[in-house]
């Protein structure tokens, strides 16, 4: 199938603009700090609150979302871009009808497409706004260019950090790389920290205060504290069982923590503060930066 034919297929799938989805990007300075677990469990909690949710697994090196969901996607973003698949074709539906999309290697090649074809791709991705109220982008960890592109494009970043010194240091390194990015706008991007694997609430608050003090002094990036997720053996057990802890052990400390954080993200004040960008603007920002 040549690009012209793919273009016709994509144009045929275009729809009129609809209300914009809220795009939330989850990231971390290092791997293994609970980023994907947070993406999945927040998605489950949002669904319990009546929101339609889709997760974009943008960690191209690891397929954490599908493993944790116990589901293997038939198609990914690459198939939308190069194989003429529709948006609905590439969504895999997990527990509680949480949808997820595997990014694959699709986004990396978007900068090489023609402008007309690229516009059609972005308009098709914008159809996600008609399918979901909230889109969670689960990025890779660290300061790789691909991670930074997603963060710069996002208006709302959830930073996962643990009390480990390496996690705190790597979180600061990621924020420093973001601050130095030529297209980063601290006025347009809200950074919100979640302390993971802490013993009690006070420990999470102390972790935030320490990191925030350094960030405010040297980077001038305003951060807010969303809360903490406690160390919980039931969370580890749920990962082994490939069922989100919010479903498998809804009475657990971890599930209660995710519920509190989701509630804070959806409260009236927080929702009003966070303008919706939608997926068209999100991907347009990424592609513009690559050209």
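General remarks:
- Shown for 159, 240: other C-beta atoms within 10 Å of each C-beta, ranked fewest to most, produce the order 240, 159.
- Look at where the Cα atoms of the range 189-220 and of the range 229-278 average out, and the two centres are 18 Å apart.
- Shown is the FRET efficiency for residue 267 and residue 188, computed with R0 = 22 Å from the Cβ-Cβ distance and rounded to the nearest 0.05: 0.55.
- Cα gyration tensor, the range 128-200 - rounded (a/c under 1.5), prolate or oblate: oblate
- Extension gain, residue 71-residue 96: 0.36 nm per intervening residue step, less the Cα-Cα distance, totals 7.7 nm.
- Ranking of 156, 270 by count of other Cβ atoms within 10 Å, fewest first: 270, 156
- For the range 172-202, backbone nitrogen atoms closer than 19 Å to the point 7 Å from residue 209 Cα along Cα-to-C-beta are found at 193-202.
- Peptide ranges 177-189, 23-35 listed from the most packed, as the mean C-beta count within 10 angstrom indicates: 23-35, 177-189
- Only beta bridges with both residues in the range 3-290 are counted; by DSSP, about 5 percent of them are antiparallel.
- Viscosity 0.692 mPa s, 37 °C: Kirkwood-radius Stokes-Einstein D of the range 3-290 over Cα pairs, µm²/s: 172
Here, each number is a calculation from the coordinates, and none is a lab measurement. This structure is a prediction, so every number in the text was calculated from the model and none was measured. In this analysis, Cβ positions are derived from the backbone assuming ideal geometry, glycine residues included, and neighbour counts consider all displayed protein chains.
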